[in-house]
Amino acid sequence: MPATKPRISFEYFPPKTEAGKEKLLNVTTPALNALGPEFFSVTYGAGGSTRDSTAGVVSSLQSSGIEAAPHLSFGGDDEAAIGQLLEDYKAQGISRLVALRGDMPSGMGGMAQLVYANELVEFVRERTGDHFQIEVAAYPEIHPQAESYQKDIEFLKGKFAAGADSAITQYFFNVDSYFYFLDQCISMGITQPIYAGIMPIINFANLARFSRNCGADIPRWISQRIEGYGDDQESIRKFGVEVVSQLCQTLLENGAPGIHFYTMNQVEPTREIYNNLGL
Ligand code: FAD
């Protein structure tokens, strides 16, 4: 393990119901916060569809003394609306953002122009100077709409040039894809930290479907092993924890600066994986 503690952060999505929000804030958060993360981030629904619920979870976390980082994208909003949201966040003492292009919600295609993340980073810097630590997204297995591997890294570099401080990756299960990507980023002059985004294996059918859309590869040996367990959920859980713990261990032992867990709003298996790392 590295001498300095790696940065650990946890990602939530805004729950759809009041009961879900209560559980997230009163049960999940104390359990995960006990692990000492640097911050919790909260996703932003496509096209701004969760603007209020993202802001609601962020302010509840922040007002209970936990550092919260809202995800943000222009979606269908104009500069006035996003500028106001930035002011509101600033007034609440929020000092970190995850700036994204986002995706168009289904059914809204063509109604609004997607704004690339580098333009949002530029806008945040223009409006709020150095107030926010800005995180952006990076894709070790390359964004599904990227023109080429090289171009995708050039655009990542553009996000840093616009003022981003660090990046968090899309989840991946191939450790080599991450380290190869870091090497390529360095060779193209990127010096900022790129934190590894890690997805615990919770519901494999959903994960497989989602992975096809977001361009994350599930190695055949993992899917074959899980399929072989059939309905034996306990074996799938154990195998998932073992595989993902091993992935995190390898990442940290080989210089990844930290891990961002896509918790899916659940304490487990993120906590079990974290505990296996002996941090
Ligand atoms: P960009 O960096 O803008 O890139 C999008 C595509 O355009 C890429 O193919 C890139 O190669 C290309 N490109 C980039 N810049 C330019 C340019 N200037 N000119 C031409 N082409 C360009 N989605 C949500 O809806 N809500 C969330 O909260 C959310 N959180 C995320 C958090 C993380 C850590 C990650 C990795 C992803 C997240 N996503 C989220 C998914 C993300 O919104 C999608 O992957 C989206 O398709 C791309 O967003 P981006 O910010 O990476 O886009």
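The values are calculated or read from the model by the stated rules, or taken from the named source; none is laboratory data. Remember, predicted model here, so these are calculated numbers, not experimental data. FYI the Cβ positions are ideal-geometry reconstructions off the backbone, even for glycines, and counts take in every protein chain you see. The area values use the complete protein model at the heavy-atom level, side chains included, leaving out ligands, DNA and RNA. Shrake-Rupley method; radii C 1.70, N 1.55, O 1.52, S 1.80 Å.
For Val98, the residues whose modelled amide H falls within less than 5 Å of its own, excluding neighbours fewer than 5 places apart on the same chain, are His71, Leu72, Glu135. Using the average count of surrounding beta-carbon atoms within 10 Å as a protection proxy, the listed peptides 37-43, 51-57, 251-257, 206-212 rank, highest first, as 37-43, 51-57, 251-257, 206-212. Among Val27, Val267, Val244, the largest mean-square fluctuation in a Gaussian network model of the chain, built with springs joining Cα atoms closer than 10 Å, belongs to Val27. Each residue was assigned an accessible area with a 1.4 Å probe, and for Met199 the value is about 20 Å². With a ≥ b ≥ c taken as the square roots of the eigenvalues of the C-alpha gyration tensor of segment 92-179, please select rounded if a/c is under 1.5 and otherwise prolate if a/b is larger than b/c or oblate if it is not? Note, shape of segment 92-179 comes out oblate. Rolling a 1.4 Å probe over the protein chains gives Asp231 an accessible area of about 140 Å². When its C-alpha radius of gyration is set against 2.2 N^0.38 Å (N residues), segment 7-276 gives a value of 0.98.
Once the Cα-Cα distance is subtracted from the 0.36 nm per residue extended length, the Asp52 to Asp231 segment shows a gain of 60.6 nm.
Taking the helices alone, the chain has a mean residue ellipticity at 222 nm of -13500 deg cm²/dmol, built from -39,500 (n - 2.57) per DSSP H run of at least 4 residues and averaged over all its residues. For segment 7-276, which whole percent of the accessible surface, found with a 1.4 angstrom probe, sits on carbon and sulfur atoms? Here it works out to 48 percent. Counting only heavy atoms of the protein chains, get the accessible area per residue of the chain (1.4 Å probe) and round it to a whole Å² value. About 47 Å² of surface per residue is accessible.
Relative to the current alpha-carbon distance between Thr250 and Gln145, full extension at 0.36 nm per residue lengthens the span by 34.9 nm.
Its relative contact order, with pairs defined as Cα atoms under 8 Å and 6+ residues apart, puts the chain at 21 percent.
In this calculation the C-beta distance from Asp165 to Lys238 is compared with R0 = 45 Å, giving a FRET efficiency of 0.75. Which residue, Tyr229, Tyr180, Tyr89, tops the fluctuation ranking in a GNM of the chain built on C-alpha contacts under 10 Å? Of the options given, Tyr229 has the highest mean-square fluctuation. Using the beta-carbon distance between Ala91 and Asn275 and R0 = 45 Å, what value does 1/(1 + (r/R0)^6) give for FRET efficiency, to the nearest 0.05? Efficiency computed from Cβ-Cβ geometry: 0.75. Between Phe261 and Ser9, Phe10, Glu11, Ile198, the built amide H atoms are under 5 Å apart, and every one of these is 5 or more places off in sequence or on another chain.
Comparing Thr17, Thr50, Thr250 in a Gaussian network model of the chain (Cα springs below 10 Å), the most mobile by mean-square fluctuation is Thr17.
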